[in-house]
Amino acid sequence: MKLRPGAFIPELLKHLFKKPATVMYPFEKLNIPKDFRGTPVLKPELCIVCRACVRDCPAFAIEIETLSEEEKKYKMTIHNDRCIHCAQCVESCPTKALFMDDGYELSTDSRRKLKIAYVYSRPKKTAQQSSEK
Amino acid sequence: MAIMKALVYLFVYPGLLFLFVYSTFCEWFDRKLYARLQNRVGPAYTGRAGILQPIADFLKLLFKEDIIPENADRIIFSILPVIGVATVATAGLYLPLWNYDVSRTTFNSFQGDIIVVLYLLCLSTVILFLSGWHSTNFFSTIGGVRVLTMLFGYEVPLFLSVLSPAIVADSWRLAEVANFYQDFPFLLFFQIIGLFVALISLQAKLERTPFDIPHAETEIVGGTFTEFSGKKLAFFRLMTDIEMVVGSGLIATVFMAGFAGGLMGSLARFVLKTLIVIAILSIIRATFSRIRVDQMVVFSWKYLTPLAILQLLVSIIIKGVIK
Amino acid sequence: MKKIKIPIGPQHPALKEPISLRITVEGEVIKDADVRLGYNHRGIEKLAESRTYVQNIYLMERICGICSHSHTTCFVQGVESLCGLEVPKRGLFIRMLVCELERIHSHYLWLGVAAHEAGFDSLFMYTWRDREVVMDLLEIISGNRVHYAINTIGGVRRDLSEVQKEKILEGIQFLKKRMEYYTNLGTTEPSFVARVSGVGILPKEKAMSLCAVGPTLRASGIASDIRKDDPYAAYDEIPFSVCTATSCDVLGRVVVRIKETMESIKIVEYLVKNLPSGEIKVRAPRKVKEGEAVSRYEAPRGENIHYIKSNGTDKPERVKVRAPTLANYPATIEMLKSGFIADIPLIFAAIDPCICCAERFVEVIDTKNENTQVLTMAEIKKRYSKSQGLKKGSSVWPL
Ligand code: SF4
Ligand code: SF4
């Protein structure tokens, strides 16, 4: 190995006239790739309340409450403050009612604001289907 | 009138105010250049292209909590940063910038002022050692010891290399040295080795990479500055900045023919020449990795000092030839 | 000269995570060193016992931020062997692909950290800039930059498309060029070489007897790599060589890691070009058959071991993790002795420590008589309330 003092200088000087690599984040943003795992979002019309997502979520971030048994009214709360964005819920869901959007700027001043609640009734069609079975 | 002039001289230009403003500008220049060499943006938000960032940092530090360690001597601990700024700012007064007259000796330009500047710059290093020692902290103590160890390494080559142009010019007065080289600029070519040695020694004096050993963050935390916070730290940072300006001004005076011209002319020359020196220092900072203190001492005695002595010999020969 | 003890850590700029190194120095020379762990214990093994296997994958991923894929793969392999699952070829290839990309990313990161510890900030900035490329590749493949979450029991979760393949090959070419440049730079820049060569010597016999692992071991001239010695996934089909160095110092560790990166780049190229078609995963049962499994994996930092005991339910009975850093601590102490203070960060960084990965239990040592004690959580809480004068029943950690 030969030693060359100042071996870095050509590279350094070359970059003096190049654009810095820094992305000035809040002012300019990077492209988000397709299939980025952002935050989980529910499409209430598709959910059949099978609770597979609740069972598999590693962070216990999904909660489903029954609001009224007769009307089949449910409330799902996604606790984004606990969510670790692993997308396991999306994978566990049999009806593809959950998906990940590309939001990543989640920070707020209170973790309560991160809770997202969906109130919905179970769709009629699937209810009939299940009663047929 | 003379008093007014002296006061302006001391406090406005080229005294404290100018030194403060210009040294923050130099810090910005150094940081920006260093960042660009590393493909980063550097200071970007405060003022245009972040030019006010050093001042903002200074002000922020002024308002921060100021802590004095329990075991430290309160008075010495508090007074050291101020003395530090005072010594380097005083050294700045002797730079032959606008306010001097070659034919006449004044309080800021006399035979031997080159020695005074070097002495004052050396004093600031001793102050760093004292501050490390008085912090009564392991890391500071080690930092302080490293400051002294390094001092013995670079001070000799710095003195030798800065004095050798003065030997050719046959004067110990900065203004006369500068004037001499304005008349015979070609003689500066023979001082190239000295310039090289002086730049490296100055880098060591300013404790910048590869010689940032006394406050090597990953080894001994803040080194000498570990216990300093708030105002005191702000003053120490100001001291380093002013030291950088004065050091590069000194090199510009003896190796680059000083700053002739009127008020504006001399200022422009001063800014240009010091920025060139600072740019070289920045490139050195970006190119190397920090070396160990033992390697530093070996390096300066094995390479720097012999080179400085060689320069001295060259200077003596040239002087003989001129005569 | 007087001997003094200096504390490096638990909070110190050279350490990215809390650990306490107690160094006895004489002037600038280190005479003795001692390591104290336990500042970052997270109780992951206990937590794993109360979660299902699927949930545990994501928990294991969070053992480490850099080798997140290593821990999941190790865990998932153990569970698969317990269930007797045969992972499809394509799934294995994608798993290995992420693994090698992770190795590239980890070694790039390490090179930057080592440069920073040596005070070579320019190299640090450049390597970390280039690391972004591999991070982006991982993001394209898995949907995230750090926690890829690509493993699942029985295979991988995401397939690779043609576009992605092209992007990977493109990115790899760039990384290869840059790594060649850094090899050149790191071994010729005198100030950097002066800092790393001859520092932190770990002779071959010592490395063997102190059970060092990974690049630390290989830099002492021992060609040991789980990928070769005990091939998992499909490593037995892939041509690659184990990189070693004989200088036994930090420079050797730099060289080993650089060579390994080049080797990983070749493996990635091979994997992408020879990706078999077919399924990427098989269905896994929720409940795992009773039994025990040990799984080994060559993480970027060395050998990673997971032990899993199943009791026939959907939750493991015991999970034990041995992270590579833990195996390297005894060797580190050996390396630190007779170095300079200035070498501490470099020597310590040279094992690429991942401190919180290695924190497994808390032992309380009485500093007066060196008695050791293992405490339960309840006991710790009790002692804390007592020391803080809290009343019984009041919240121990009020928010
Ligand atoms: S993304 Fe993961 S953590 Fe978040 S809700 Fe879904 S399963 Fe839970
Ligand atoms: S898994 Fe899907 S369908 Fe089932 S409860 Fe969750 S969101 Fe609804």
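The values are calculated or read from the model by the stated rules, or taken from the named source; none is laboratory data. Keep in mind that what you see is a predicted model, and the values were worked out from it rather than measured. Cβ atoms come from the backbone with ideal geometry, glycine included; neighbour counts cover every protein chain shown. For the accessible areas, the whole protein counts, side chains as well, though only heavy atoms, and no ligand, DNA or RNA atoms are used. Shrake-Rupley method; radii C 1.70, N 1.55, O 1.52, S 1.80 Å.
Would you say C:Glu334 is within 29 Å of C:Ile153 (Cβ to Cβ) and touching a helix residue (DSSP H, G or I) at 6+ places or on another chain (Cβ under 9 Å)?
On the way: within 29 Å of C:Ile153 (Cβ to Cβ): no; touching a helix residue (DSSP H, G or I) at 6+ places or on another chain (Cβ under 9 Å): yes.
No; evaluated as a whole, the condition is false for this residue.
Remark: pairs (first residue in the stretch A:74-101, of a type in the set (Lys, Arg); second residue near ligand 1 (Cβ under 10 Å from one of its atoms); Cβ separation under 6 Å; 6+ apart in sequence or on different chains) = A:Arg82/A:Ala59; A:Arg82/A:Ala61.
I'd like to check which strands (runs of 3 or more DSSP E) are fully inside the stretch C:268-387 and have at least 3 residues that are open to solvent by less than 30 Å² (accessible area, probe 1.4 Å) and not polar (S, T, N, Q). Before you say what the answer is, go through the steps one by one.
Numbers: elements: C:291-299, C:302-310, C:316-322, C:363-365, C:372-374.
Passing ranges, in order: C:291-299, C:302-310, C:316-322.
Residue-by-condition table, conditions (1) at pLDDT below 85; (2) under 30 Å from C:Gly119 (Cβ atoms); (3) of a type in the set (Val, Ile, Thr):
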position	(1), (2), (3)
C:Asn144	no, no, no
C:Ile150	no, no, yes
C:Gly155	no, no, no
C:Asp159	no, no, no
C:Ile172	no, no, yes
C:Lys176	no, yes, no
C:Tyr181	no, yes, no
C:Gly198	yes, yes, no
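Of all residues in the stretch A:44-60, those satisfying the criterion of being near ligand 2 (Cβ under 9 Å from one of its atoms) and assigned to a helix (DSSP H, G or I) are A:Pro44, A:Leu46, A:Ala52, A:Cys53, A:Val54, A:Arg55, A:Asp56. Among the residues of the stretch B:276-287, the ones that are open to solvent by 30 Å² or more (accessible area, probe 1.4 Å) and more than 14 Å from every other protein chain (Cβ to nearest Cβ) come to 1 in all. Taking only the stretch C:190-235 into account, find how many residues are in contact (Cβ under 8 Å) with a residue 40 or more places away in the chain, within 14 Å of another protein chain (Cβ to nearest Cβ) and aliphatic (A, V, I, L, M). Selection size over the stretch C:190-235: 3.
Looking at the stretch C:5-28, can you tell me whether even one residue there is among the charged types (D, E, K, R), under 16 Å from B:Val221 (Cβ atoms), away from chain A (no Cβ under 14 Å) and touching a Ser or Thr at 6+ places or on another chain (Cβ under 8 Å)? Give the derivation first.
To start, the set of residues in the stretch C:5-28 that are among the charged types (D, E, K, R) comprises C:5, C:16-17, C:22, C:26, C:28.
From what is left, the residues that are under 16 Å from B:Val221 (Cβ atoms) are C:5, C:16, C:22, C:28.
In the following step, the residues that additionally are away from chain A (no Cβ under 14 Å) were identified as C:5, C:16, C:22, C:28.
Those left that are additionally touching a Ser or Thr at 6+ places or on another chain (Cβ under 8 Å): C:5.
There is at least one residue in the stretch C:5-28 that is among the charged types (D, E, K, R), under 16 Å from B:Val221 (Cβ atoms), away from chain A (no Cβ under 14 Å) and touching a Ser or Thr at 6+ places or on another chain (Cβ under 8 Å).
The residues of the stretch C:221-267 that are crowded, with 20+ Cβ neighbours inside 10 Å, small (Gly, Ala, Ser) and in contact with an Asp or Glu (Cβ under 9 Å, 6 or more places away or on another chain) amount to a single one, C:Ser264. Would you confirm, using the coordinates I've provided, whether A:Glu71 is part of a loop (DSSP other than H, G, I, E, B), farther than 30 Å from B:Asn39 by Cα and open to solvent by 10 Å² or more (accessible area, probe 1.4 Å)? Considered against the rule, which asks whether it is part of a loop (DSSP other than H, G, I, E, B), farther than 30 Å from B:Asn39 by Cα and open to solvent by 10 Å² or more (accessible area, probe 1.4 Å), A:Glu71 comes out as yes.
Between C:Ala149, C:Ala207, the distinction of being of a type in the set (Gly, Ala, Ser), outside any helix (DSSP H, G or I) and open to solvent by less than 70 Å² (accessible area, probe 1.4 Å) belongs to C:Ala149 only. Here B:Ala56 fulfils each of the conditions (1) under 22 Å from B:Lys231 (Cβ atoms); (2) touching a strand residue (DSSP E or B) at 6+ places or on another chain (Cβ under 7 Å) apart from (2). Among the residues of the stretch A:23-74 satisfying the criterion of being within 13 Å of ligand 1 (Cβ to nearest atom) and away from chain C (no Cβ under 12 Å), which is nearest to the chain's Cα centre (by Cα)? Of everything passing the filter in the stretch A:23-74, A:Thr39 is nearest to the chain's Cα centre (by Cα).
Each row is one residue, and each column tells you yes or no for (1) under 18 Å from A:Leu30 (Cβ atoms); (2) more than 9 Å from chain A (Cβ to nearest Cβ); (3) in contact with an Asp or Glu (Cβ under 9 Å, 6 or more places away or on another chain).
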{"residue": "C:Gly143", "(1), (2), (3)": "yes, no, yes"}
{"residue": "C:Ala149", "(1), (2), (3)": "no, no, yes"}
{"residue": "C:Leu160", "(1), (2), (3)": "no, yes, no"}
{"residue": "C:Glu170", "(1), (2), (3)": "yes, yes, no"}
{"residue": "C:Leu175", "(1), (2), (3)": "no, yes, yes"}
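Selection of helices (runs of 4 or more DSSP H) fully inside the stretch C:29-140 by the criterion of at least 1 residues being within 14 Å of chain B (Cβ to nearest Cβ) returns C:89-117.
Is it the case that A:Glu63 is open to solvent by 40 Å² or more (accessible area, probe 1.4 Å), more than 10 Å from ligand 2 (Cβ to nearest atom) and modelled with pLDDT of 85 or more? Working first, answer last.
Details: open to solvent by 40 Å² or more (accessible area, probe 1.4 Å): yes; more than 10 Å from ligand 2 (Cβ to nearest atom): yes; modelled with pLDDT of 85 or more: yes.
Against the criterion (open to solvent by 40 Å² or more (accessible area, probe 1.4 Å), more than 10 Å from ligand 2 (Cβ to nearest atom) and modelled with pLDDT of 85 or more), A:Glu63 qualifies.
Take the residues in the stretch A:75-106 that are under 8 Å from the mean Cα position of the chain (by Cα) and not in a loop (DSSP other than H, G, I, E, B); name whichever of them is nearest to ligand 2 (Cβ to nearest atom). So, considering only residues that are under 8 Å from the mean Cα position of the chain (by Cα) and not in a loop (DSSP other than H, G, I, E, B), the one nearest to ligand 2 (Cβ to nearest atom) is A:Phe99. Restricting attention to the stretch C:210-220, the residues that are open to solvent by less than 60 Å² (accessible area, probe 1.4 Å) and not in a helix (DSSP H, G or I) total 5. The set of residues in the stretch B:112-136 that are outside any helix (DSSP H, G or I) and either buried (at least 23 other Cβ atoms within 10 Å of the Cβ) or without any contact (Cβ under 8 Å) to a residue 60 or more places away in the chain (or both) contains only B:Ser135.
If we scan the stretch A:114-127, do we find a residue that is part of a loop (DSSP other than H, G, I, E, B) and either out of contact with any Cys (no Cβ under 9 Å at 6 or more places or on another chain) or surrounded by fewer than 12 Cβ atoms within 10 Å (Cβ to Cβ) (or both)?
Pass one, the stretch A:114-127, residues part of a loop (DSSP other than H, G, I, E, B): A:122-123.
If we keep only those that are either out of contact with any Cys (no Cβ under 9 Å at 6 or more places or on another chain) or surrounded by fewer than 12 Cβ atoms within 10 Å (Cβ to Cβ) (or both) too, we end up with none.
Checked against the condition, which is being part of a loop (DSSP other than H, G, I, E, B) and either out of contact with any Cys (no Cβ under 9 Å at 6 or more places or on another chain) or surrounded by fewer than 12 Cβ atoms within 10 Å (Cβ to Cβ) (or both), the stretch A:114-127 yields no hits at all.
If the condition is being more than 7 Å from ligand 1 (Cβ to nearest atom) and within 12 Å of C:Val54 (Cβ to Cβ), then the stretch A:84-98 contributes A:Glu91, A:Ser92. Checked against (1) within 13 Å of another protein chain (Cβ to nearest Cβ); (2) open to solvent by less than 10 Å² (accessible area, probe 1.4 Å), B:Val162 passes all but condition (1).
When restricted to residues that are in a helix (DSSP H, G or I), of a type in the set (A, V, I, L, M, F, W, C), under 22 Å from the mean Cα position of the chain (by Cα) and over 26 Å from A:Leu13 (Cβ atoms), the stretch B:6-49 contains 8.
Considering the stretch C:177-189 alone, what residues qualify as being within 14 Å of chain B (Cβ to nearest Cβ) and of a type in the set (Ser, Thr, Tyr)? Don't jump to the end; show me each part of the working.
From the stretch C:177-189, those within 14 Å of chain B (Cβ to nearest Cβ) are C:178, C:181-182, C:185-189; that's our starting set.
Result: C:Tyr181, C:Tyr182, C:Thr187, C:Thr188.
Kindly indicate whether any position in the stretch B:248-268 is touching a Ser or Thr at 6+ places or on another chain (Cβ under 6 Å), open to solvent by less than 10 Å² (accessible area, probe 1.4 Å) and within 14 Å of chain C (Cβ to nearest Cβ). The answer is no, given that none of the residues of the stretch B:248-268 is touching a Ser or Thr at 6+ places or on another chain (Cβ under 6 Å), open to solvent by less than 10 Å² (accessible area, probe 1.4 Å) and within 14 Å of chain C (Cβ to nearest Cβ).
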